[in-house]
Structure formats: structure tokens, C-alpha cells
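To start, the structure under review is shown below, and the notes come after it.
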Amino acid sequence: MAVDPFAELLRHLRRNANRTQDEQAGAINAASGRATMTRREVNRYENGANVPTDHTLGNIALACGVPLEPLLREAKAARARRREKNKAEAEDLDDVKRRTLLGGAVIGAAAAAEPWGRLAYALSKGSKIDPESAGVLIDHAARLHVDELNESALSLQSRVEAHLDAITAALPRAGTHERALTIAAGETAALAGWVAWDLGEHDKATSYYGVTSECAKKAGHPPLRALALGYASYGAPSPAKALEMLSQAAQDVRGRGNATAAAWALGRYAEEAAQSGDDAAALRALDQARFAYDFADHTSEQAWVRFVTPYRMDSLTLSVYGELKRQELTATADSAVERLGGGLPESGVVVLGDLASALLRGGDVDRGAHVAHQFAAAAESKPNTMGRQRAQTIAAGLPDSEHALASHLLTFATL
């Protein structure tokens with residue numbers, strides 16, 4: 001039975017990505033952010049029983065790292081062939097194979113004259129990705145850094161890794177978009193490392209951070225290395241090594257347009273300095289971080305700084321003041337709670353976790369335990385990365401009277 005050339009093209013794209021139909025469905029769902037695609041529907045596309053909608057084609061292009069416009073054009077032609085079944089059914093599968101859509105041989109002039117043949121030939125020759133497709137890949141990388149605020153590492157991991165695969169597939173055809181896509185790949189790899197680290201896959205995390213550093217070098221973009229160093233500092237073998245990494249990160253984000261990144265790097269340095277007992281260095285770095293944030297706009301700088309919200313800065317400040325047992329802790333805690341308001345905004349779980357830890361370390365045990373209960377409820381209703389580590393930290397600081405809560409948090413940390 002003849003199969004439509006566009007169906008063959010979709011099958012070729014999947015096989016070129018080394019995916020089964022189940023895996024292709026998962027990659028399309030990862031691109032769309034919705035679990036609506038199934039193996040059965042992928043099979044229908046590849047057998048010519050159905051032609052994807054333009055919206056679905058956008059997700060297929062993203063999942064496979066190919067330009068969208070040619071797919072839209074060939075899908076339109078496929079729909080026209082479906083309306084003329086006699087012509088569509090006249091296409092023999094052996095002829096399709098002879099046109100080397102499934103192989104790597106050079107396409108003949110006659111085959112290349114067909115729309116699907118031109119696209120297959122272009123893909124085999126490394127045609128340049130169009131601006132719209134590049135923009136979709138870059139925007140999706142940014143969106144994943146926002147999703148990290150409200151999604152567990154376990155649910156986020158497959159989406160992040162699928163998107164990294166999509167960018168990797170697109171890079172050989174990036175053309176003038178190569179630098180932007182390389183930066184997006186580095187940002188996505190760093191997030192993949194962060195997620196892997198949260199799941200206890202430390203070797204995997206280290207590898208991803210190495211990829212990010214390589215992307216930073218290739219793109220000539222030091223702030224990207226700062227991201228890798230900042231994430232990796234949480235798993236540094238010693239406080240001294242963490243401070244060394246964060247010092248380099250702070251240098252990498254000096255200059256205009258990096259205020260949010262600088263605030264985060266300096267805030268993390270303050271946090272590590274406080275934990276190592278260097279009060280003066282911690283307070284100095286925290287002042288620098290808060291000053292930098294006064295000039296920051298986390299919504300318009302690098303994509304990855306979207307998570308450095310005012311709530312996240314509250315979290316860093318609370319962590320430092322709690323570790324140093326500073327008298328400013330109470331006023332800062334009041335301010336953080338007021339900023340949170342009655343709801344639970346992005347980064348709200350992080351703030352509650354750090355607020356509980358800071359209060360417990362600072363000696364305000366009753367209030368710390370109260371906030372710990374709030375954190376426990378929030379972490380389950382609105383999971384995010386680092387929730388498990390915060391649960392462990394809080395559990396360790398709770399008094400004996402809160403044994404049930406401590407056990408609950410430790411159980412949550414192992415899920």
C-alpha cells in the first residue's frame with residue numbers, strides 16, 4: 001500500500017532522532033508541555049492516516065530540531081494530496097525509498113523537484129534553520145527556567161533533556177543563529193544538571209555543567225559559565241571550593257545587562273561565606289548582591305535569571321542572616337512574609353523553606369516550626385527543585401516536640 005511522502009518524512013525525522021514512536025510522542029509532549037500526544041497518533045501520522053495540525057507541527061519541529069516553515073509547506077501539500085486520493089495512493093513505497101528519503105544516498109534531480117524531496121535533501125545537506133524555529137527553541141529554553149520554580153525535578157527532567165536534544169539536533173543547521181542557540185543549549189544543559197543533582201545523579205550533573213561551560217566558551221559568553229559555576233557550587237567538595245567557584249561566577253557577570261546574575265552570584269557567595277564562618281565576607285557580599293539587584297530586571301536579562309525573583313533574593317538574605325544569627329533576621333522575615341502575601345507566588349516555596357531554616361538556626365524555634373509546617377504543605381502542593389534538600393535541612397533543625405513533622409519532611413525528601 002502506498003504511503004504519502006509526508007508521512008514518510010515524519011517517519012524519517014523520528015528515525016533520524018533515534019526514537020521509537022513512544023519516545024517521539026514523549027518528545028512532542030515535552031515540547032508542548034502537555035501530555036496529549038500518544039504512540040497511536042504518531043503511528044497514524046507515519047502511516048498517512050492523518051496529517052498533523054499546524055500547531056502540532058510546531059511541536060514536532062521543536063522536538064526534532066528542524067525548521068518549521070518547510071514542514072508547514074509540505075503538510076499543506078499532503079492535505080491537498082489527501083483530497084485527491086487517486087494521486088496520493090498512486091505513490092508507491094518502493095519509489096519513495098528510491099528517492100532516498102529513508103537513506104543517505106544523494107537525491108536525484110527528479111526526486112529533489114518534489115516538495116518533500118527538497119526538504120529531505122535540504123535536511124541531509126544541513127539547511128539553515130529559519131528565524132521562527134530558532135526563536136521557538138530559545139523561548140522554550142527560557143520557559144523551562146521559569147517552570148523550575150513550580151515543578152519537581154522528577155517531572156521536569158524529561159522535558160529539559162528532550163529540549164536539549166532538540167537544540168542539539170538544530171545546531172548543525174543554526175547558521176546565523178548559532179551563537180544564540182549555543183547559549184540556549186548551555187542554559188538548558190545547566191538546568192538539566194541542576195535537575196540531575198537534585199535527583200542525586202551527581203556525575204550526570206557534573207557532565208551537564210561541563211557542557212554548559214563548553215557552550216560558554218564557544219559562544220564567548222562568560223555569564224553562561226557563571227550559571228554552571230553557581231549551580232555546581234551547591235555540590236562543591238568543600239566550602240573553600242564553593243567560594244572559589246562563586247568568586248569566578250561573580251567576575252563572569254560583571255558589566256552591563258548582568259545585574260540579576262551578579263545579584264545571584266554574590267548572594268550565593270554570601271550564603272557560602274556565612275556557612276564557612278566568615279561573617280565579614282558574607283555581609284559584604286550580601287550588601288553587594290542587594291545593591292546589584294536594585295538595578296536588575298530579572299524578566300529581561302539572560303533567560304536563566306528568570307528564577308532570581310525578589311522572593312529568591314529574600315530567600316538568600318534569610319539564609320545568610322539565619323546562619324549568622326543576625327538581629328536583622330526578624331525584620332527580614334517579616335518583610336519576606338509580607339511580600340509573599342496570602343498566596344504562594346513563584347519561589348514562594350523556596351522562601352518558606354529558607355525562612356523556616358533561618359528562624360530555626362537563628363533561635364526563633366517556635367516561629368521556625370510554624371513556618372516549617374507551612375513549608376511542608378506548600379512543598380507538596382507546589383513542588384520545585386531543591387524542595388527535598390530544604391526538607392532535610394529543616395527536619396534536622398526542628399525540636400524534639402516536632403518529631404512527627406521532622407519524620408514527614410524526611411520522608412518527603414526521599415520521594
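The values are calculated or read from the model by the stated rules, or taken from the named source; none is laboratory data. Here the structure is a predicted model, which is why all the values come from computation and not from measurement. Because the Cβ atoms are built from the backbone with ideal geometry, glycine has one as well, and the counts that use them run over all protein chains shown.
Values as computed for the structure displayed
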| read-out | value |
| --- | --- |
| Any hit, the range 231-254, residues being under 19 Å from His163 (Cβ atoms) and part of a helix (DSSP H, G or I) | yes |
| Helices (runs of 4 or more DSSP H) fully within the range 266-356 counting 2 or more residues that are more than 30 Å from Leu405 (Cβ to Cβ) and touching a helix residue (DSSP H, G or I) at 6+ places or on another chain (Cβ under 6 Å) | 279-294 |
| Count of the range 128-161 residues which are surrounded by fewer than 22 Cβ atoms within 10 Å (Cβ to Cβ), in a helix (DSSP H, G or I) and either in contact with a Pro (Cβ under 9 Å, 6 or more places away or on another chain) or among the small types (Gly, Ala, Ser) (or both) | 6 |
| Test: residue in the range 184-201 that is outside any helix (DSSP H, G or I), surrounded by fewer than 23 Cβ atoms within 10 Å (Cβ to Cβ) and of a type in the set (A, V, I, L, M, F, W, C) | yes |
| Filter result (among the polar types (S, T, N, Q), at pLDDT below 80 and within 26 Å of Leu171 (Cα to Cα)) within the range 59-107 | Thr100 |
| Members of the range 16-25 found to be over 16 Å from Val160 (Cα atoms), of a type in the set (S, T, N, Q) and not in a loop (DSSP other than H, G, I, E, B), listed by number | Asn16, Gln21 |
| Elements of type helices (runs of 4 or more DSSP H) in the range 26-88, at least 3 residues being within 19 Å of the chain's Cα centre (by Cα) and in contact (Cβ under 8 Å) with a residue 24 or more places away in the chain | 54-64 |
